[in-house]
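Down below is the structure, laid out as structure tokens.
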Amino acid sequence: MTAWELLFEGFDPADEGRREALCVVGNGYLATRGAAPESVADGVHYPGTYVAGCYNRVTSRIAGHDIEDESMVNLPNWLLLTFRIDDGPWFAPDSAELLEHEQELDMERGLLLRRLRFRDARGRTTRLVQRRFVHLGSPHLAGLETTIVAEDWSGRLTFRSGIDGRITNAGVARYRALNGRHLIEHGTEEARPDTVLLHARTSQSGILVAEACRSTVWCDAEVVEPTRTLCRQDDLIAQQMSVDLTPGRQARLEKIVSVHTSRDLAATEPREEAVGDLADAAGFDDLLATHVLAWDQVWSRYRCGLSADVEARQAVNLNLFHLAQTLSTHTADLDVGVPARGLHGEAYRGHVFWDELFVLPTITLRTPHLTRSLLLYRHRRLPQARLAARREGLTGAMYPWQSGSNGREESQFMHLNPESGRWLRDDTHLQRHIGIAIAYNVWHYYQATGDEEFLSSFGAEMILEITRFFASLARYDHGRDRYVIRGVVGPDEYHTAYPGSDRPGIDNHAYTNIMTAWLCRVAVDVVTTVLPTERGDELMETLRLRHREIDRWRRMSRKLFVPFHDDGVISQFEGYERLAELDWDDYRRRYPDIHRLDRILEAEGRDPNDFQASKQADVLMLFYLLSSDELIEILRDLGYDFTGEQIPKNIEYYLGRTSHGSTLSSVVHAWVLARSHRARAVEFFDRAIVSDLHDVQKGTTQEGIHLAGMVGGVDLLQRCFAGIEVREGVLRLDPHWPAELGVLELTIRYHHQPVLVRVSGRTVTVRTAPGPRRPAIRCVCGPESVLLGPGETVHFSTRAASHAGRGPTPASADEL
Ligand code: BGC
């Protein structure tokens, strides 16, 4: 086992879905699950190919209601590749005796390998090696190479290579009652002698999709020109090509694929683009070489060297690998957001939630222009968010909890509890805190990059409109002389109403209210001091923002209501402390897994709303997003006396009442415990980084990775334990580095230049890249502040700093 490969030995049908999701190859535009090329969706295998932002809406009849939902569409399966010997059966994993089966994900090169040997019913032994990539440099291209060696037989080998359009969206068992047919008007064509094409259209969004594949056959080292037989079956098109083999000889089929949609830029029409690409595309090995080069360049930015055990390093690499495959420079042009489950499966239908909150900081430290483009996805949907607010009788911008194509609310209003088989009302769309997360991301992107042009042209408008929304949501309560916010849901989705109440939502949700106070402060600052005066005036004019509104924001930042228990614990929401206590030991005894306690309770005929039991970190999000100084100051301005000493008590209180039903929960808990309970923080970190690798939510990884959990886990290393923070033109380091994690070494991009950061024990080393025209950077660790010129190194210890000038080069990540 190495840190750069993931190896799966044997074939385990029960684990195939997880393996397929972990072995996705993709490039931010296109991604394909690690399904076997000869497989179809059959309950074990699930071939899935997704293009970022390719959504479609369909209507289904569920529990007496017509429900329209929008999904990321599963596109035709370009992997389709099988073979047979003489007139034997087409190869399928269960049609032969598998002697060896091994799959390897090479994360450094973005290559998925499969090696197998099998014996067929006539006792013939065959060896097969497959390699596949989705090109990281040329986003429309993919390659699949299949090499077959006849070990002990002579005969005719026939390949079948093509594209299978007979697919639907059927990857998530819970959604199977929903209509999964998104593609219509399929057409197939033999576009050239070696190339077939399949095209279709999404039924509602009208996106044209075209996939073409070019197949070339080799026998040993020679290209052969076999007779090609065209094969069409419903919406499948393939070519069959035969070669004669004798013992020890090998046949190889190279399949190069091009995928285009009508959403592409710099394109005429998808069919023409797909076929045109293949007329020109290089062969498998040449494409692989440029693909590997592209990965090399991505890893030079994203590599996170850790000298901890190989399992931890492997998990860190895997998580960053899937980040880079979901969001890459190709994503930047696509007008897409951060899909919660990557481009890896169909859970949550490819929707965009608040998860970017956990993902963007890692991107900003390496490819800030990508963060900018992901924030623009939100800006383009500002009109929809305004419309949504207006429809509620409110002002400003109300961003949807779940977003897809145009920014309409895509949350489901009914969901199926697989434990009870019942369809239930779903009010989780009341998570208004999504708007705060968007404003927070905008503000922190600006803080980290100083991108004034972005703030001025796009970011400020979002911050102001979101603040306006929260100001209209809040009501002034005369009795309390405080602003209150009613009828919302927090990150803890278990509480969507008060016990026995029909009114959806809960009141004065602490995280929402405190973050609204934070938002009001930022918004006032942005419009009065941060923006250049003329831009501030312009925005006031365009948005018809009145001074009295800004005054209201100021008042809200001093008078929002925050509920507390009697003993100084922040109440998750008003009345939380009056809910019943849950007998956690009893549930842990009775159920092997209580992550989804909500489903268990409902199946038992109980209601999660009745209990002090949370799905994930909620109040604790405050300690994740705000420094303790910031939080104390916000609460002080609100008139609440809160001290740093109260923080551990809050953490303990909610830690004991959380089922960790989201992978985000471990990330947040590791973060908030890092300063007080390092050992427990490391336990949560260990759990966070393997959440998909080990499928800790038991069965959900196969439906798509949990991108925010994956990336948030790695982010713990850099921003939490190493304490790297870029803000206001300064690179700050405040390490709380757990010795057991060994040495961390990574390179961030700061002010457009690579800066190497190495943390080991109590020492932090920062080294800037040499070269002319690079500005000096200000670097602060504890009381020490150093200005580093190009090619300079500084060593800080938690006690003192030593400026080494052009000092010795620290060990490279490879040596770790
Ligand atoms: C979590 C949300 C998250 C969503 C998508 C849910 O299970 O509760 O916080 O945004 O998954 O990842």
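Which shape class, rounded, prolate or oblate, goes with the stretch 20-137 when its Cα gyration tensor gives a ≥ b ≥ c as root eigenvalues, a/c under 1.5 marks rounded, and past that a/b bigger than b/c marks prolate? Oblate, because a/c is 1.5 or more while a/b does not exceed b/c. Under a model in which nothing but the beta-carbon of Lys, Arg (+1) and Asp, Glu (-1) is charged, the chain shows a dipole of about 1480 debye around its Cα centre. Each part reduced to its alpha carbon centroid, the stretch 336-378 and the stretch 662-689 end up 22 Å apart. Counting only Cβ charges, +1 for Lys and Arg and -1 for Asp and Glu, the dipole size of the stretch 754-801 around its Cα centre is about 80 debye. With θ taken as phi - 60° and the Karplus curve 6.51 cos²θ - 1.76 cosθ + 1.60 applied, the whole-hertz 3J(HN,Hα) list for the stretch 40-45 is 10, 5, 9, x, 10, 9 Hz, x standing for glycine and proline.
Of the residues F458, N77, L98, the one whose Cα sits farthest toward the positive end of the charge dipole of the chain, with +1 on the Cβ of Lys and Arg and -1 on the Cβ of Asp and Glu, is F458. For the peptides 311-323, 108-120, the ranking by packing is 311-323, 108-120, with the highest mean count of neighbouring Cβ atoms within 10 Å listed first. Distance between the C-alpha centres of the stretch 128-178 and the stretch 615-640: 50 Å, rounded to the whole angstrom.
Counted residue by residue at 0.36 nm each, then reduced by the alpha carbon distance between them, the extension gain from T529 to H752 reaches 77.7 nm. Each stretch of four or more DSSP H residues adds -39500 (n - 2.57); spread over every residue of the chain, this sum gives -8500 deg cm²/dmol at 222 nm. The order of the peptides 664-671, 450-457, 523-530, 434-441 by mean Cβ neighbours within 10 Å, most packed first, is 664-671, 434-441, 523-530, 450-457.
Show me 607-618, 199-210 ranked by packing, highest mean number of other Cβ atoms within 10 Å first.
Working: 607-618: 22.1, 199-210: 20.4.
For the peptides 607-618, 199-210, the packing ranking is 607-618, 199-210.
Charging the Cβ of each Asp and Glu at -1 and of each Lys and Arg at +1, and nothing else, the dipole of the stretch 220-364 about its Cα centre rounds to 440 debye.
Each reported figure results from applying straightforward, stated rules to the coordinates on display, with no laboratory input. The structure presented is a predicted model; accordingly, all values stated were derived computationally and were not measured. Don't worry about glycine lacking a Cβ; one is built from the backbone with ideal geometry, like all the others, and counts go over all protein chains shown.
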